[in-house]
Amino acid sequence: MLDAFSRAVVAADTKTAPIGAAEIAELKTFIANGNKRLDAVNAISSNASCIVSDAVSGMICENTGLIQSGGNCYPNRRMAACLRDGEIILRYVTYALLAGDASVLEDRCLNGLKETYTALGVPTTSTARAVGIMKAAAVAFVNNTASKRKFDVTSGDCASLAAETAGYFDRVIAAVS
Amino acid sequence: MKSVVTTVISAADAAGRFPSSSDLESVQGSLQRAAARMEAAEKLAANIDAVAQEGYNACFKKYPYLNEAGEAGENQVKKDKCLRDIKHYLRLINYCLVVGGTGPLDEWGIAGQREVYRALNLPTAPYVTAMTFMRDRGCAPRDMSAQALVEYNGLLDYVINSLS
């Protein structure tokens, strides 16, 4: 598993060069925006179950066949598995956001996920839709624009963090589709 | 690679939980100390050739026998390799300063070091001399700030201990 710092080290090592001023300037930006990042991780973690249940409900609302007999969220046992997987995916996305690098998400969550879902007969379009709703919710929390759950924190420009978060969800969608 | 962030994430993952407030506190603590480490890494990277050359000169000055036939610095090729190795350690120290842990030195420098030096019949004392000289040569605030120098010297000491 890598983070933003060890990613720079691995990249420099392939060139057998020390990490110079240019790379360090990028890392200094990362350090300067550290509190924003921690607030974003905290906002997503604190609302995790809300984000997940909302995404799964949204997915089912758009496709009610999922909770009828023969659907993939019927009976409760499979619905519970769906909620659990949503939470696992969101958890690895928060780890990636905390580290500032996608390696933990790729190695520990997405690697082999599509194959597992295919083997279990999980519909990937529904999965991708639920992840898409989680993405929208998580981005709203990062930007602190979630209408009924506003955090009382110092406001700042979190556009790049929001784009980074969206990028991790896009990786998940690309991996399962 | 081991760092504060990856350690925190591994622990949270093992427990299957989201990052807790204490996890975020640990990461924040590491970020607060990062400025000094970045300064040291930047200054070291900018002067890595000169610093390595000084360390190299110090070890050949203290151990002139290295120049004699049959010794580890008997010809220019071997001398160049000695300088390259000192620079190699400095590069790993630069990485450790960036990561905020000893992961790069442990994984790419120290693991297997003793076995290699024994197999190639290389003395470790000259390396220790070079590192010691570089440690004592550093000066705050001429070279870098005091806190940055503490982080840099700590890693030089880590290498010295691994060699002795």
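The values are calculated or read from the model by the stated rules, or taken from the named source; none is laboratory data. Quantities reported herein were computed from a predicted structural model and do not represent experimental measurements. Methodologically, a virtual Cβ is constructed for each residue, glycine included, from the backbone with ideal geometry; neighbour enumeration extends over all protein chains shown. Quick note on the areas: whole protein, heavy atoms, side chains included, nothing else; ligands and nucleic acids left out. Shrake-Rupley method; radii C 1.70, N 1.55, O 1.52, S 1.80 Å.
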Exercise for the section: Could you look through region B:89-113, keep only residues that are in a loop (DSSP other than H, G, I, E, B) and more than 7 Å from every other protein chain (Cβ to nearest Cβ), and pick out the one that is nearest to B:Val8 (Cα to Cα)? Expected result: B:Gly101
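So which residues in region A:36-75 are hydroxyl-bearing (Ser, Thr, Tyr) and surrounded by fewer than 16 Cβ atoms within 10 Å (Cβ to Cβ)?
Within region A:36-75, the first condition is being hydroxyl-bearing (Ser, Thr, Tyr), and the residues that meet it are A:45-46, A:49, A:53, A:57, A:64, A:69, A:74.
Those that are hydroxyl-bearing (Ser, Thr, Tyr) and surrounded by fewer than 16 Cβ atoms within 10 Å (Cβ to Cβ): A:Ser46, A:Ser49, A:Ser53, A:Ser57, A:Thr64, A:Ser69, A:Tyr74.
When region B:2-16 is examined, which residues are found to be open to solvent by 30 Å² or more (accessible area, probe 1.4 Å) and either farther than 17 Å from A:Asp85 by Cα or within 8 Å of chain A (Cβ to nearest Cβ) (or both)?
If the condition is that a residue be open to solvent by 30 Å² or more (accessible area, probe 1.4 Å) and either farther than 17 Å from A:Asp85 by Cα or within 8 Å of chain A (Cβ to nearest Cβ) (or both), then B:Lys2, B:Val4, B:Thr7, B:Ser10, B:Ala11, B:Gly16 are the ones that fit.
Inspect region A:89-109 for any residue being of a type in the set (Gly, Ala, Ser), under 21 Å from A:Ile133 (Cβ atoms) and away from chain B (no Cβ under 11 Å) and give the result as yes or no. It would help to see each step written out before you state the result.
Let us first name the residues in region A:89-109 that are of a type in the set (Gly, Ala, Ser), namely A:96, A:99-100, A:102-103.
Those left that are additionally under 21 Å from A:Ile133 (Cβ atoms): A:96, A:102.
From the residues that got through so far, the ones that are away from chain B (no Cβ under 11 Å) too are A:102.
Yes, there is a match, as at least one residue in region A:89-109 is of a type in the set (Gly, Ala, Ser), under 21 Å from A:Ile133 (Cβ atoms) and away from chain B (no Cβ under 11 Å).
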Exercise for the section: Return the pairs, sorted by first residue and then second, in which the second residue is part of a helix (DSSP H, G or I), the first residue lies in region A:13-37 and is of a type in the set (Gly, Ala, Ser), the beta carbons are less than 6 Å apart, and the residues are 6+ apart or on different chains. Expected result: A:Gly20/B:Ala45; A:Ala21/B:Glu42; A:Gly34/B:Leu31
Fill in the blank from the handout: Filtering region B:46-83 for residues that are within 14 Å of chain A (Cβ to nearest Cβ), within 19 Å of B:Val159 (Cβ to Cβ) and in a helix (DSSP H, G or I) leaves a count of 5
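Collect the residues in region A:1-17 that are closer than 18 Å to B:Ala12 by Cβ and either more than 7 Å from every other protein chain (Cβ to nearest Cβ) or in a helix (DSSP H, G or I) (or both), keeping them in residue-number order. Walk me through it before giving the result.
Just the residues of region A:1-17 that are closer than 18 Å to B:Ala12 by Cβ, to begin with: A:1-4, A:6.
Once the filter is applied, which keeps residues that are closer than 18 Å to B:Ala12 by Cβ and either more than 7 Å from every other protein chain (Cβ to nearest Cβ) or in a helix (DSSP H, G or I) (or both), region A:1-17 yields A:Ala4, A:Ser6.
Does B:Ala41 satisfy being hydrophobic (A, V, I, L, M, F, W, C), crowded, with 19+ Cβ neighbours inside 10 Å and touching a Ser or Thr at 6+ places or on another chain (Cβ under 8 Å)?
Numbers: hydrophobic (A, V, I, L, M, F, W, C): yes; crowded, with 19+ Cβ neighbours inside 10 Å: yes; touching a Ser or Thr at 6+ places or on another chain (Cβ under 8 Å): no.
Spelling it out, it is not the case that B:Ala41 is hydrophobic (A, V, I, L, M, F, W, C), crowded, with 19+ Cβ neighbours inside 10 Å and touching a Ser or Thr at 6+ places or on another chain (Cβ under 8 Å).
Test A:Ser126 against the stated conditions and say whether it is open to solvent by less than 30 Å² (accessible area, probe 1.4 Å), over 29 Å from B:Val27 (Cα atoms) and either free of Cβ contacts under 8 Å to residues at least 40 places away in the same chain or assigned to a helix (DSSP H, G or I) (or both). Break it down stepwise before answering.
Numbers: open to solvent by less than 30 Å² (accessible area, probe 1.4 Å): yes; over 29 Å from B:Val27 (Cα atoms): yes; either free of Cβ contacts under 8 Å to residues at least 40 places away in the same chain or assigned to a helix (DSSP H, G or I) (or both): yes.
Yes; evaluated as a whole, the condition is true for this residue.
Look through region B:17-29, keep the residues that are of a type in the set (D, E, K, R) and in a helix (DSSP H, G or I), and return whichever of them is most open to solvent (accessible area, probe 1.4 Å).
The first filter runs over region B:17-29 and keeps only residues of a type in the set (D, E, K, R), leaving B:17, B:23, B:25.
Going one step further and asking which of them are in a helix (DSSP H, G or I), we end up with B:23, B:25.
Working: B:Asp23: 14, B:Glu25: 125 Å².
Per the criteria, the residue is B:Glu25.
Somewhere in region A:65-81, is a residue within 11 Å of chain B (Cβ to nearest Cβ), touching a helix residue (DSSP H, G or I) at 6+ places or on another chain (Cβ under 7 Å) and assigned to a loop (DSSP other than H, G, I, E, B)?
The initial filter retains those residues of region A:65-81 that are within 11 Å of chain B (Cβ to nearest Cβ), namely none.
Scanning region A:65-81, I find no residue that is within 11 Å of chain B (Cβ to nearest Cβ), touching a helix residue (DSSP H, G or I) at 6+ places or on another chain (Cβ under 7 Å) and assigned to a loop (DSSP other than H, G, I, E, B), so the answer is no.
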